[in-house]
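Here the structure comes first, spelled out in C-alpha cells, and everything after it is commentary.
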Amino acid sequence: MSSAGRARAASLAAVAVRMVVGAAARPAPSAALMMAAVRGEDTEFGTASWWAYAALSAFLVLLAGIMSGLTLGLMSLGPVDLEILMRSGTDAEKAQAAAILPVVKKQHQLLVTLLLCNACAMEALPIFLDRIFNPVLAIILSVTFVLAFGEVIPQAICTRYGLAVGASFVWLVRIVMVIAYPIAYPIGKLLDFALGHESALFRRAQLKALVSIHSKAAGKGGELTHDETTIISGALDLTEKTAEEAMTPIESTFSLDVDSKLDWETIGTILARGHSRVPVYSGNPRNVIGLLLVKSLLTVRAEIETPVSAVSIRRIPRVPSDMPLYDILNEFQKGGSHMAAVVKAKPKNAPPHDKTEPEHAG
C-alpha cells in the first residue's frame, strides 16, 4: 500500500474511534429524558436538597388532604348532632363527640382555619415541586396529587367516618387554630356578626316528617312501628290542636237521659257500646249534666228498672272550644275526669254570667 493510502486509512480509523468513544460517553435517550424530567431548576436528582424538597411536597399533600377531609367531616357535624351522640351514642361515640364539640362550637373560626391551611398547602405545593421536577411535570403531579390525595380520597373517607377521623385529629385542629388565630379569629367573628349561627334544631313539622321517615312503612330501614309513629305525631300535634278539632260531635255520642230507666235493654245497650263512661243529659242531649261510670252498674238490678238519676252521676268538666289539647290533658291528669264537654268559646266582651250549652263531648 502506498504512503497516501496508509495515511487515509489511519485518518478513517481515528474518526471511527472518536465516534465510538463519543457514543459511549453520551447517555441513552431514555436515561437522558428521565434526568431531564427529574431535574428541577436548582436541584439535581438524588441530592439531599432534592429529597428534602420531595419530603416537603409529600407533607404538603398530606396536610392538604387532612384539612380538606376535616373541613367536610367536622363542618357536617353540628352541635346538636354531637349532643345527640353524647346522650344516646355508644361509649366510643360519646367520647368522640365530647372531644369534637368544643371545637365545632366555633364554627366560622374553625371553617376559616381549615380552609386557610388547605389553601396554603395547595398553593405552596407547586413551588416545591417545580424545584425537583420539570415545570410541566410539576404541574401535572401537583394537579394529580391535590385531586387524588388532597380532595377525593380524604373527603370520601371523612364523609363516612367523619366523627372518628375528627376525634383522631382534634389535637391537630387545635394546633392549627392557635397558629391561624390572628387571621381566623377576626374573620370568624365577622362571619358570626354577618351570618349568625345556624340553628340545627328541627321545627315541629320537620320532627313529624322525620318521625314518618323513620317508620317501617316508609321503607327506608326505620324501626318505628305504625302505632309508635301515630303516637309521636299525635303528641307533637297536641300544642297546636284545640278541643274543637279533637272532639266528638254530641250527635255521634251515646248518652242517657237522666230520667231513663236502667232496665235490661238499656244496660245491654250500654254494655254493647263498650264505653267506660256515658254522658248523662237532662231533657236536651246538649244539656249534659254529668257522667255515668259503667262500673257503677254492677250494683244495679235490671229487673227493678232503677232510674239513672238514682245512680251516682259524676260531674263533667266544661272546656272552651279553643282550649289547647295539652291544657286539657293536664286537667285530665289531675284525676278529676277523663271526659269533658266542649262549649263554645266565650267572647271576650261577653258578661260573666253568660252560659253556653256543650256542643260536643271530648
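The values are calculated or read from the model by the stated rules, or taken from the named source; none is laboratory data. All values derive from a computational prediction rather than experimental measurement. For neighbour counting, all protein chains shown are included, and Cβ atoms are generated from backbone atoms with ideal geometry for every residue, glycine included.
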Taking only region 48-97 into account, find how many residues are in contact (Cβ under 8 Å) with a residue 60 or more places away in the chain and aromatic (Phe, Trp, Tyr). 2
Could you tell me whether Val152 is in the same structural domain as Gln107 (by TED's automatic domain parsing), out of contact with any strand residue (DSSP E or B) (no Cβ under 8 Å at 6 or more places or on another chain), surrounded by fewer than 18 Cβ atoms within 10 Å (Cβ to Cβ) and farther than 16 Å from Gly65 by Cα? no
Name the residue, out of Val258, Val319, that is more than 30 Å from Lys208 (Cα to Cα), surrounded by 13 or more Cβ atoms within 10 Å (Cβ to Cβ) and among the hydrophobic types (A, V, I, L, M, F, W, C). Val258
Residue check: is Leu129 among the hydrophobic types (A, V, I, L, M, F, W, C), closer than 30 Å to Ser321 by Cα and in contact (Cβ under 8 Å) with a residue 40 or more places away in the chain? no
Given the options Gly162, Gly188, Gly222, name the one that is under 22 Å from the mean Cα position of the chain (by Cα) and at pLDDT 85 or above. Gly162
Can you tell me how many residues within region 285-336 are polar (S, T, N, Q), in contact (Cβ under 8 Å) with a residue 40 or more places away in the chain and in contact with a Leu (Cβ under 8 Å, 6 or more places away or on another chain)? 1
Gly222 is checked against (1) of a type outside the set (S, T, N, Q); (2) loosely packed, with under 10 Cβ neighbours inside 10 Å; (3) assigned to a loop (DSSP other than H, G, I, E, B) and fails just one. What number does that condition carry? (2)
Take region 225-240 and flag every residue that is part of a loop (DSSP other than H, G, I, E, B) and surrounded by 14 or more Cβ atoms within 10 Å (Cβ to Cβ). Leu238
Does any residue of region 110-122 turn out to be in a helix (DSSP H, G or I) and either free of Cβ contacts under 8 Å to residues at least 40 places away in the same chain or among the charged types (D, E, K, R) (or both)? yes
Determine which single condition Ser168 fails, assuming it passes every other condition in (1) outside the structural domain of Gly89 (by TED's automatic domain parsing); (2) of a type in the set (S, T, N, Q); (3) under 24 Å from Ser57 (Cα atoms). (1)
Check on Val143, in the same structural domain as Ser68 (by TED's automatic domain parsing), exposed (fewer than 15 other Cβ atoms within 10 Å of the Cβ) and over 23 Å from the mean Cα position of the chain (by Cα): yes
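So that you can scan it fast, the table gives a plain yes or no per residue for (1) under 30 Å from Leu236 (Cβ atoms); (2) in a loop (DSSP other than H, G, I, E, B); (3) at pLDDT below 80:
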{"site": "Gly290", "(1), (2), (3)": "no, no, no"}
{"site": "Leu298", "(1), (2), (3)": "no, no, no"}
{"site": "Val319", "(1), (2), (3)": "yes, no, no"}
{"site": "Phe332", "(1), (2), (3)": "yes, no, no"}
{"site": "Val342", "(1), (2), (3)": "yes, no, no"}
{"site": "Pro351", "(1), (2), (3)": "no, yes, yes"}
{"site": "Asp354", "(1), (2), (3)": "no, yes, yes"}
Residue pairs qualifying under the 6 Å Cβ cut-off, at least six apart or on distinct chains, with the first in region 252-263 being free of Cβ contacts under 8 Å to residues at least 60 places away in the same chain and the second being part of a strand (DSSP E or B) and of a type in the set (Gly, Ala, Ser), are Val258/Ser282
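Conditions (1) modelled with pLDDT of 85 or more; (2) assigned by TED's automatic domain parsing to the domain that holds Ala345; (3) outside any loop (DSSP other than H, G, I, E, B); (4) in contact with a Cys (Cβ under 9 Å, 6 or more places away or on another chain), marked per residue:
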{"site": "Glu198", "(1), (2), (3), (4)": "no, no, no, no"}
{"site": "Ala217", "(1), (2), (3), (4)": "no, no, yes, no"}
{"site": "Val278", "(1), (2), (3), (4)": "yes, yes, yes, no"}
{"site": "Pro285", "(1), (2), (3), (4)": "no, yes, yes, no"}
Those residues that are farther than 21 Å from Ala64 by Cα and buried (at least 20 other Cβ atoms within 10 Å of the Cβ), I need them from region 86-124; list them, please. Gln96, Ala97
Name the residues in region 181-194 that are more than 27 Å from Ile84 (Cβ to Cβ) and buried (at least 20 other Cβ atoms within 10 Å of the Cβ), would you? Ala184
